[in-house]
Amino acid sequence: MRLVAALALVFGMAQTANAQTVTCKIFGNHGIGSYGMMQGMCKKTGDDPPPQAGADAQRVRYWPEGVVQVVITGGEPGDKGPWRGYFLQPDYADVFELTRERAGSREQLVLRTGVGWTIVDTWSRVASNESTMTFRLTSMPASEADLDILKDTLKKLSSPSAWDRADDRDCGNDSPGRVSLFCALQNAAIARIGRFHGAQPALDLVRLFVLERWTDRVNHGHALTNFNNHPDTTLEDVRWVLQEAARRAREEIVRAK
């Protein structure tokens, strides 16, 4: 079975293909509150209109062909949430959470997975024991909080003496005044929004530009750690990635308004 971590490279790459929509039909256990479990099937449907000329390539998420099983726990549409679940196919698995997040300039229902977030278009009951969920396979746009996270990280990584070139993703053991790319992003997220999620759009954008320019420094491990620790990576490279991510975040914020 393909692990979620192994999908990170595929999910993170920008693609120019038109986004598709995933439609899920979900059945069972309505009306029993937070202890409910619902199951169903999801499948890709038609294409979205082409992106506007001159727009940056969409951040398109991977989705397998054929029917994918979905299981959701935590209640039903109309409850407060969050809802948790997983998608499953013989060669594909991904856990997720449905929760409300700031998406661009608005709060929307978001499908959060370990490798990316996307906005949920529909999550509603259509019959006494049937619900529908639909979402497009494009990444959730960055918010002002994401831009702040990126700007704070740039400030932290302003000099060679502040950059920890030996990231182990244990951000509690860093030397005073020194921080890796991953830990700088994590610390900035916690300071700005009170929690950290590895697929926060700010981090998704950083991975995007690492993979677009320096795939050879990532291989099959953790993209941000491998890039940070690669002997050819310079502080200028790290700052370029953050600056490009901030530029894209600004554009996504404007487009989402």
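We did not get these values from a lab; they are worked out from the coordinates using the rules stated. Since the model is a prediction, treat every value here as computed from it, not as a measurement. As a convention, Cβ positions derive from the backbone with ideal geometry for all residues, glycine included, and neighbour counts pool all protein chains shown.
Highest mean packing comes first when the peptides 111-120, 153-162, 202-211 are listed by Cβ atoms within 10 Å, giving 202-211, 111-120, 153-162.
In this calculation the C-beta distance from Arg106 to Glu236 is compared with R0 = 22 Å, giving a FRET efficiency of 0.05. Using the Cβ-Cβ distance between Lys80 and Asp170 with R0 = 51 Å, the FRET efficiency computed as 1/(1 + (r/R0)^6) comes to roughly 0.90.
Ordering 76-87, 181-192 by mean Cβ neighbour count within 10 Å, with the highest value first, yields 181-192, 76-87. Neighbours of Thr132 by Cβ distance under 9 Å: Lys/Arg scored +1, Asp/Glu scored -1, total +1.
The ranking of Glu251, Glu244 from fewest to most other beta carbons within 10 Å of each one's beta carbon is Glu251, Glu244. A crude spin-label estimate for the pair Arg195 and Glu251, with each label 7 Å from Cα along the Cβ direction, gives 3.0 nm.
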